[in-house]
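Presented below is the structure to which this report refers.
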Amino acid sequence: MASDQQRVALSTGVELDVVTAGDPANPPIILLHGFPESHRTWRHQIPALADDHFVIAPDQRGYARSSKPEGVENYTPDKLVADIMALADHFGIGRFTLVGHDWGGAIAWMAALNRPDRVARLIIVNAPHPFIFQKTMFDDPAQREASQYIRAFRNPDLEKHIETIGLSAFFDGSFMKHTDFEKVREEKPIYLEQWGQPGAMTAMLNWYRASAIVVPETGEDAPRPAFLDAPFPPITMPTLVIWGICDQALLPSQLDGLDALVPDLTLEKVDAGHFVPWEAPEAVTAAMRTWLAGHGG
């Protein structure tokens with residue numbers, strides 16, 4: 001199924017490059033990529049899903065050639081969720097299946113919590129539930145240690161460092177710890193071209209800087225956020241979580257207690273690392289299609 005890329009001006013004031021595929025009369029499914037990628041996270045899933053869905057895969061704000069508004073405040077999760085709702089509005093879509101990986105998954109969790117009127121089904125790929133992620137920053141020392149990169153990404157001097165070492169070296173540093181280079185070799189020029197767009201690196205990092213998640217230093221005795229000791233609202237829609245179990249950044253503790261927060265949960269574990277949509281594309285596509293077929297999608 002051929003895909004089409006278009007520029008979409010949203011009511012939220014940004015313009016996104018958006019890939020669509022499939023018949024617009026079919027059930028809609030929106031695919032959200034994470035850091036430091038683009039709609040190409042889903043390059044293997046888009047054609048398969050387009051057989052019986054209308055697929056919408058944006059380059060989210062700050063990424064590739066989509067709008068990059070200046071200022072950290074323009075990357076808070078509420079604005080990123082609003083973009084997704086505006087994107088659905090643009091295509092005349094009311095309720096839809098929402099899929100997210102990494103940061104796209106974080107925004108998908110938030111959208112599901114805040115807009116259950118719009119998100120009919122939820123598919124999460126290696127993205128932590130916000131309550132569990134924050135909890136593990138305090139209760140799982142290994143996860144806190146694995147998340148220290150977030151502190152580095154929030155450092156305002158990071159762009160100067162990246163400029164010094166060059167984008168190619170940053171690519172090697174960002175992926176080589178997490179995946180086999182052969183799996184991403186052919187994509188490297190595409191990443192470097194996207195990251196090299198004016199303002200792209202700062203805009204992408206601003207997703208981390210605008211997040212309210214507290215990441216204490218290793219060993220720091222930080223005050224515990226009060227919401228961790230209060231009831232947390234459940235995810236109300238059917239939810240599929242696909243998890244690459246070899247993820248070095250998001251440890252297995254991210255799945256502990258998930259069933260209590262997501263009553264209608266299907267969990268599919270895959271033998272892959274963090275970038276599971278393209279590390280194990282067949283397994284991810286099969287899990288999505290099987291689950292959708294059984295959940296009215």
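Values in this text are rule-based calculations from the coordinates and carry no lab data. For clarity, every value in this text was computed on a predicted model and none was experimentally measured. Cβ sites come from the backbone with ideal geometry, for glycine too, and all protein chains shown count toward neighbours.
So what are the ³J(HN,Hα) numbers for the stretch 25-33, from phi and the Karplus equation (6.51, -1.76, 1.60; θ = phi - 60°), rounded to whole Hz, Gly and Pro as x?
Taking θ as phi minus 60°, the curve returns 7, 7, x, x, 9, 10, 10, 10, 7 Hz for the stretch 25-33.
Tell me which aspartates and glutamates have Cα within less than 20 Å of Lys160's Cα, excluding those fewer than 8 residues away on the same chain?
Qualifying aspartates and glutamates at Cα under 20 Å: Glu70, Asp172, Glu193.
From the backbone phi of the stretch 179-188, what are the Karplus-calculated ³J(HN,Hα) couplings (6.51 cos²θ - 1.76 cosθ + 1.60, θ = phi - 60°) in whole Hz, Gly and Pro given as x?
3J(HN,Hα) across the stretch 179-188, in whole Hz: 7, 7, 3, 4, 6, 10, 3, 5, 8, 3.
What is the antiparallel percent of DSSP beta bridges lying wholly in the stretch 3-294, to the nearest 5?
In the stretch 3-294, approximately 30 percent of DSSP beta bridges are antiparallel ones.
Per-residue ellipticity at 222 nm for the chain, helices alone: DSSP H runs ≥ 4 residues times -39500 (n - 2.57), over residue total, nearest 500 deg cm²/dmol?
Taking each H run of at least 4 residues, the total per residue is -10500 deg cm²/dmol.
Placing +1 on the Cβ of each Lys and Arg and -1 on the Cβ of each Asp and Glu in the chain, which of Gly34, Met110, Ile150 has its Cα farthest towards the positive end of the resulting dipole?
Result: Met110.
Let me spell out the model: positive unit charges on the Cβ of Lys and Arg, negative unit charges on the Cβ of Asp and Glu, origin at the Cα centre of the stretch 224-291. What dipole size does that give, in debye rounded to 20?
It works out to roughly 120 debye.
Whole Å is fine, so just give me how far the alpha carbon centre of the stretch 186-225 lies from that of the stretch 66-125.
First find each Cα centre; the distance between them is then 18 Å.
What dipole magnitude, in Debye to the nearest 20, does the stretch 74-150 give about its Cα centre under +1 on Lys/Arg Cβ and -1 on Asp/Glu Cβ?
220 debye
Arrange Ser211, Ser253 by Cβ neighbour counts within 10 Å, fewest through most, would you?
Fewest to most other Cβ atoms nearby, the residues stand as Ser253, Ser211.
So I have (i) 1.01; (ii) 0.94; (iii) 1.24, and one of them is Cα Rg over 2.2 N^0.38 Å calculated from this model. Which one is it?
(ii)
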